[in-house]
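One structure below.
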Amino acid sequence: MHSIWVTGRLLSRAIWNGLSNYSTSSADPALKQKSEPCLVSAVCGFSKDKKIQRLLKGTFGDDAWFTAKQKNADVLGVADGVGGWRAYGIDPGEFSLHLMKNCERLVNLGRFQPTNPSELLAKSYYELLHHKKSILGSSTACVVVLNKENSTLYTANIGDSGYMVVRRGKVIHRSEEQQHYFNTPFQLSLPPPGYQEGVLSDTPDTAITDNFPVEDGDVILVATDGVFDNLPQSIIVNELVKVQGERSASRLQMVANSIAWMARSLSFDETFISPFAESAFANGINTIGGKPDDITVLLATVAI
Amino acid sequence: MAYQFMKNIKPEKLNLDTNQAGFSELFVKSKDKHGVILLEDVVKMDLLDQYAENVIEYTSRFNCANSLSYAPANITGKYVVYPSYGDFPDAYFLRSYGKWWVERAAYQKEYMLQDLDPLSAEDYITIQFEIAVIPRDICIYEIYNPGAIVRIWGKTNTGDKSWVVLWEGQPQICLDVSRKFHPQIKIINNLVNTIRLEFNQSHLKYHTSIDAVVLGGYIQSELVNEILNVQLKVEKNQKPIQKQEQINEVSDGKVSPDYFSDLPYEVVIHIFQYLDLKSLFLCAQVNKRWYEICNDPALYQNLSLKRYWHIVNSEVLKTFESKCKNIKKLDLSWCGNEDPTFKVAFTSFLSARCKNLTHLSLGNCHFVKNEVIQFISQCNELIDLRLKNTPHWRISRLDCLNKLVSLDLTSSLIQDNDLIQILKSNPNLKHLIIDLCEDLRRLDHVVEAAAQYTKKLETWSSWKSPSLSFEGAKHFGALENLTDLDLGWCLLTTHPIDSLTKIAEGCKKLKRLILSEWRGVNDSLLLPIILNCSDLEQLDLLGIRSLSAEVCETALVTLKKLRLLDISFCTRIDQTQVELWRERFPHINIPRSCQFLVNYL
């Protein structure tokens, strides 16, 4: 009896891990009349491996994410731990998880400026050093802040995770990818002492920052490369249009789920010409099919 | 009868003036139990619960001021770790635990052994809440090694803004689970929005950590005000009667013969030396002769007011100025932060009484500014100076002193060149503590100067000083008298090269060595220390990821005097191995941080 219960629990945890949904409560229809701008958000994602490694909130495999709310700003962020560190006996998910957790904590304690997300990333990166558990590895990161004062979105992005803002079916902003060379994005890193020289390490100031005003109903997608490498922009936009102006978190959640599912299935499709395959081809590598990767989808709409 | 009547009445209809009689009865009833009227007996009200809004000050901090990990600020806001248990950077983490700090040679010995705090509070943190309430309930989320809180103070928001003890109790031995600590607090009817927690960690196995604090109480309202006004009136009516009774008692008492008059003065003074300050002040009121005895400067050669921080102001200090004609040791730690005139009082005290002053301790005194340092630098006889947590001075004149043996500048803004000047002029310096001094940007030069000028150095403590490099660390090898070397978090990410070998070869007398988070250290670099420093009692290797179980085993076997080996977050060492060691070496304390996640999803 006991064992059944344990399996049941594990099973439900596995499902939880595979398809975790976190909706924010700010989507309450009763709060529709709120005059202050805010973000309604939903999250969905998958770990690349079917095996469960970590049962922590805020992670999908080596990806990590966070959402946080403050008086003056709503913040979303994703980070993708660089998998290459596994060969050195370092868990790549740890770096991204703690990077995001530190961001969340900094926001919750009000130690950040809504107009400067790259500073938030830098502070969070600095905090990693002060963790007693020595955290090693590297990660890409993307942070999006809605400044409530002027309804403007401030963004910072390092590497190939990114965001996309869609207004009435048109992509009005999309982050740029930063790569050293093909499939090697810019990354924040903390290599083991003595390895410094051979490791790619980009400082937090290399983050590309941007800011632009948003309107009521704009849809924001913040995702890791597992999404952008597997889903062509047209498919993503098709999905995002469905939640233009949506204020119900549950409906937002459905679309987030479907984007994540699509990315997941296409990543294992060996015949599909994915954006990743196209980019590989452009770099002289002949490959076809999706790119199996951890997938994180953070979907939000602006409610003013 | 009146009590019943009051309860049934609706708050808005309550006419307090007409019910005064009822109140006084109620007051007398309540007073027997709590000393004040119980508001909740009069009107039903809802408690307002709130989390701490900000941190005002603290004595203990694990990390640099600009970092959030383990920082005091983590005590604010809702709990984030609870109900998980363990060592998390998201909570407030205290720096010391157990007897290890007290047993250091550099530790400040108490100046007045006859006047010790019975609960020996070592550290405190003062936190503020957004809304002032009449406190009824305090809840503290302790998430690692609970049981260190010994006292809770509340600062009344009205009137004289005095501090009141809301709860106090002996340190507790608790289970290794996170807990909500819910002490039964003293019932007071004053508004409070600042509370202070005092800790005594001396019984703990490892650091303690606090996630959040909740203050529950009643908000101020007109109704509450009216009730309190009535209480005041009732109190006023009753007080004179009490006084009269007292007077009667005194006049009724028989005058017993004064044996003290027969004793020689020296003997009387000797007896009085065993009295604490409170008793001395009481005795001074007995008669003229006792008054004179109690004011004898011989009784005030060593003065520690730290325990009385909540009542020490410039007036009190002035009172002592006349008594302390011959003062040698003065401890004003934690004092004077509420009184803006304290700085002036202190400087006048110091300029009048610095002649023989040898020991001075001003921990957490915010009045220590540049001007005060100027006065301190004129106390030529100083041998022991403690300026822990005084971040409001920059201009150091301390190189005027030349007899220093111990110097504690933890968390101050001392700069490299000033410190080097101090080292140059104090060749007898034995203990130097410069933990968390973030303005030391070129610590290598300071170590070099220390190796050159202060050959007698026994203690060097520079916890969390990232400007130290392996080049600087090498110079410790020239300080052969070192017994206590704390270099935690100094060589965080850089490679130590041969600095540990140099230390091992030079400092053979080492008893305590802290190498926390020297992440570049590996087995072969650590081995010289284990083989050369056979006197080692405490070895801290926290967070050194590449250490193997073999080298730790070597340390445990080779170092016969070892009592503490901290291998927390040494991820390559297996927990079962640690359990085996604990059985095999029961005399050695092998702490290991844990993280038990509960409901973390």
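Points to keep in mind about this one:
- Which of B:472, B:514, B:500, positive extreme of dipole for segment B:463-514 (C-beta unit charges): B:514
- Look at the stretch A:161-170: the mean tally of other chain Cβ atoms within 10 Å of its residues' Cβ atoms is 0.
- Among the DSSP helices (H) of chain B, those spanning at least 18 angstrom by Cα along their long axis with an average Kyte-Doolittle hydropathy of -1.0 or more are B:20-34, B:222-252; this is a geometric and hydropathy rule only.
- Rounded to the nearest 500, the helix-only mean residue ellipticity at 222 nm of the protein assembly as shown stands at -8500 deg cm²/dmol, with each DSSP H run of n ≥ 4 adding -39,500 (n - 2.57).
- Our summary gives chain B a relative contact order of 9 percent, counting only alpha carbon pairs under 8 angstrom and 6 or more residues apart.
- This model, with +1 at the C-beta of Lys and Arg and -1 at the C-beta of Asp and Glu, gives the protein assembly as shown a dipole about its Cα centre of some 1440 debye.
- Shielding of peptide B:487-499 by partners, expressed as the average count of other chain Cβ atoms within 10 Å per residue Cβ, is 2.
- Projected label distance in nm at residue B:281 and residue B:203, using a 7 Å step from Cα toward the beta-carbon: 2.9
- Listed pairs A:133/B:155; B:329/B:455; B:369/B:430; B:155/B:369 exceeding 28 Å between Cα atoms: A:133/B:155
- Listed by chain and number, the aspartates and glutamates placed with their C-alpha closer than 19 angstrom to that of residue B:323 are B:115, B:266, B:276, B:292, B:296, B:315, B:331; residues fewer than eight positions away on the same chain are left out.
- Per-peptide average of other Cβ atoms within 10 Å, ordering B:383-394, B:340-351 highest first: B:383-394, B:340-351
- Our estimate of slack between residue B:175 and residue B:497, defined as 0.36 nm per intervening residue step minus the Cα-Cα distance, is 111.7 nm.
- Straight-line cross-link reach from residue B:78 at under 15 Å between alpha-carbon atoms covers these aspartates and glutamates, not counting any fewer than eight positions away in the same chain: A:104, B:49, B:53, B:90, B:130, B:142, B:211.
- Chain B, dipole about Cα centre (Lys/Arg Cβ +1, Asp/Glu Cβ -1), debye to the nearest 20: 680
- Lys-Lys pairs in segment B:457-601 that are eight or more residues apart or on separate chains and whose Cα atoms lie under 13 Å of each other come to 4.
- According to the calculation over all Cα-Cα pairs in chain B, the P(r) per 20 Å bin from zero is 17, 45, 30, 8, 0 %.
- Gained length - residue B:38 relative to residue B:481, 0.36 nm times residue gap less alpha-carbon distance: 153.3 nm
- Relative contact order of segment B:11-236, defined on C-alpha pairs under 8 angstrom at six or more residues apart (%): 30
- Relative contact order for segment B:457-601: 18 percent, from Cα pairs under 8 Å spaced at least 6 residues apart, divided by residue count.
- The modelled label-to-label distance for the pair residue A:149/residue B:531, using points 7 Å beyond Cα in the direction of Cβ, is 6.2 nm.
- Size of charge dipole - segment B:11-236 - debye, nearest 20, with Cβ of Lys, Arg +1 and Asp, Glu -1, no other charges: 320
- Chain B, accessible surface, carbon-and-sulfur percent (1.4 angstrom probe): 53
- Averaged over the residues of peptide B:58-68, the number of Cβ atoms from other protein chains lying within 10 Å of each residue's Cβ is 3.
- Inter-probe distance in nm under a simple model that places probes 7 Å from Cα toward Cβ, at residue B:587 and residue A:285: 6.0
- Cβ-based charge dipole, segment B:11-236, positive-most Cα from B:156, B:80, B:116: B:116
- Ordering of A:56-67, B:283-294 by burial proxy (mean other Cβ atoms within 10 Å per residue, highest first): A:56-67, B:283-294
The values are calculated or read from the model by the stated rules, or taken from the named source; none is laboratory data. Here the structure is a predicted model, which is why all the values come from computation and not from measurement. All Cβ positions, glycine included, derive from the backbone under ideal geometry; neighbour counts span all protein chains shown. When the accessible area is computed, the model is the full protein with side chains, heavy atoms only, and any ligands, DNA or RNA have been set aside. Shrake-Rupley method; radii C 1.70, N 1.55, O 1.52, S 1.80 Å.
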